[in-house]
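Notes for the one structure printed next.
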Amino acid sequence: MSAPIITVLAGGISTEREVSLGSGRASALALARALPTRLLEVTTAALPSGLDPARDVVFSTLHGTFGEDGGMQQLLDAAGIEYAGCDAVSSALTMDKSATKARAAAAGVRVAEGMPFASTARPSATELVARLGPRVVLKPNAEGSSVGLSLPEGPDAIAAALAGITAGDWLAERRLSGRELSIGVLAGRALGVVEIRPRSGVYDFTSKYTRGMTEYFAPAPLTAEETAAAQRAAETAFAACGCRDYARVDFILEPGGPCLLEINSLPGMKETSLLPMSARCAGLDFSALVRALVAPALRRLAARRGAG
């Protein structure tokens, strides 16, 4: 029986395509140091040709639409192909920020007050201020990398931001004040806590992907109690949303404790990305991390081969 091949998927069709291509190249290079690996670029919302359920284990670095929303995962399931990371159901759930927060809140994780809405039924600025206060966050309900994020303050700015929304499903939230944290979760256990300090004060797309715009502290300079509370919250949110293998969970640390922002089921995977930073705090370098991320899928393939 031939050895498994790790097939790394990168690119995709979302607004995060270029980010995904970087993640895919870095992950494939690291995996190839220890395992037979190939890199496939995805250009359409379809399963790449040539995948063999008896041989291929997919490590997807697709971000956003058709990457993290369960679309690719559903196709892999239908084709009988093992893959690393969250399954189709938990991928679709965690892509939906409102649904993620509801599930996490039911498990006891603190979340920001929010109001989902469709572009065709936008609330008024007056309504948002009454419910959430004068400082709000507006963001697409199912996008990553802070695509479309805005932080208007006051009724006039909120009204202007709402007027610019023309399509899609959105989420308005009370703007949280505190320290931004990111935590990797591997096999249900939290890794190190990373603190994010954007020089602009806003961790938006520009701050994420422009060199020198953001400082990162890994591990975050927190008390032992603060670190433990953030890690517990990450593990709880991961489990509550039915996540599998790995994810990255982001919080704002307020005086009352960590408050969930979102769960990223397929986070950025360059050596300088947040999940690898979190893993290094726990003693895993990038090559060791990617091997650990794909290991459960390899075990699932081995079990299926054994059962056959």
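Before moving on, here are some points about what is shown:
- Total charge dipole magnitude, region 113-174, about the Cα centre, Cβ charges on Lys, Arg, Asp, Glu only, Debye to nearest 20: 40 debye
- Relative frequency of Cα-Cα separations exceeding 24 Å in region 28-164, percent: 47 percent
- Antiparallel bridges, percent of DSSP beta bridges restricted to the chain (to nearest 5): 70 percent
- For the chain, modelled as a GNM whose springs connect Cα atoms under 10 angstrom apart, the maximal fluctuation among 104, 190, 34 occurs at 34.
- Ratio Rg/Rh, restricted to region 178-308 and using Cα atoms, in which Rh is the Kirkwood radius: 1.01
- Orientation-averaged projected area, Cα convex hull of region 113-174 (nm²): 3.5 nm²
- Between region 251-285 and region 120-192, the alpha-carbon centres lie 19 Å apart.
- Cα extents for the chain along the principal axes, largest to smallest and rounded to whole angstrom: 65, 45, 38.
- In this Cβ point-charge picture (+1 for Lys and Arg, -1 for Asp and Glu), region 175-308 has a dipole of about 660 debye about its Cα centre.
- The charge dipole of region 47-124, taken about its Cα centre with unit charges on the Cβ atoms of Lys, Arg (+1), Asp and Glu (-1) only, comes to about 460 debye.
Rule-based calculations on the coordinates, nothing more; no lab input. A quick note: this is a predicted structure, and the numbers were derived from the prediction, not measured. FYI the Cβ positions are ideal-geometry reconstructions off the backbone, even for glycines, and counts take in every protein chain you see.
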